[in-house]
Every structure is written in structure tokens, then in C-alpha cells.
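Take a look at the structure set out below.
Taken together, the values in this text are just the output of simple stated rules run on the coordinates, not laboratory data. Note that the structure is predicted; figures quoted are calculated from it, not measured. All Cβ positions, glycine included, derive from the backbone under ideal geometry; neighbour counts span all protein chains shown.
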């Protein structure tokens, strides 16, 4: 109907207000204005606000999802993860891992992977353990380590490793840190958390739940 003003919806009004604010902040149309806006994360809720305030080197677990964040070099990230785990014992899979474990956790007992330790260690640490190995040999080493050495494995992996990220995921590992500059990744395997229990594996879905024993 002519002569009747059209109502402006709230969404359109919001977009126009945002455009007006952007024009005031960038009157000359500089190309880097979007980058400057991205430097200030938009906190849409309390969780986002907490994440925005944390350093980039932190690896957080929010709502059951592990966030992979880049930050300091891979060695600093590996040291931080070791301090966070604080294992009761460490099995160093190579000389570099033995040196790092001794520097970061000097009071923690270390065990050699050869001969096979009589009891599993709390954590197996590797830095150069996969160097020079093909994919099959690397899988065999990882399999022996988690079966006979330690149920928790922490590996620093170079870009030239025969196992890529997809192969590590297939072996139950998670990518917990990256260092793009050095081309290094840190993969972690923990038998306690590598796979979540599906809903169907629960007594309430069984025909005779009273017979189920955990």
C-alpha cells in the first residue's frame, strides 16, 4: 500500500548499524580493517570469553572437544604437556626423549624400552623414535610400545614421518599440538581416553540388564 512506511526488521537494522560503525572506524577503506577486527575475538558466551583470554599455547578441553592450538615451539609445548601429565614413570624411546624427560622431570624414574620392562610404565616418550622408519615399522613400534611398555604415549613427529595425521588417528592418537615453523607435530595416545564408550554399550539397552556386570 502506497504511503505506508515499511518497517525495518531488527536484523537489517543490526547490519546497517554494524556497517555504519565499520565505516566510521575505516573512513578511507583500508584493506587491513578486517584484520584489525579479527585481532579482537568476539566473545559470544562465557566459554568463548575464557578461550579468548587464554594464551595460544594452552590445549583446552571444552565440552569434550580437544582444541589444537599453536603457540611456542614444539619442545616448549612438549615440556608443558609432560609437566601437566606428571607421570609416575617414563620410558624414553630414544636418547633425545631421555634427555628431555630428565630435564623436565628430574625426580621421575626412567625405564629403558630394551629389554622389555617387567611392568608397564606410566608414559612412553619419543622424539626421534620414528626417524628413518617406514610406515609398517613405525606401526609395529607403536603397537609394541602400547602393548608392552606403556598405555600412554607421547610422540614428537617431524613433517617427514612415514605416518601422517590420518594414520595416527587410525592408531588411536590425537593431535595435541603443532609447530608449523619447525614442521613438528605432537601426537598423544592414552588407552583411558582414546575412545569414548558408545551409548549402546550400556545395560539399559540390554534385554536382561540385571545380568550385566561392569
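Across every pair of non-identical alpha carbons in the range 65-190, the mean reciprocal distance, once inverted, gives a Kirkwood radius of 14.5 Å. Multiplying the residue separation of residue 201 and residue 110 by 0.36 nm and subtracting their alpha-carbon distance yields 29.0 nm. Maximal additional length on extending the residue 174-residue 137 stretch stands at 11.3 nm, based on 0.36 nm per residue less the C-alpha distance. The residue 147 and residue 99 beta-carbon pair, evaluated with R₀ = 22 Å, returns a calculated FRET efficiency of approximately 0.30.
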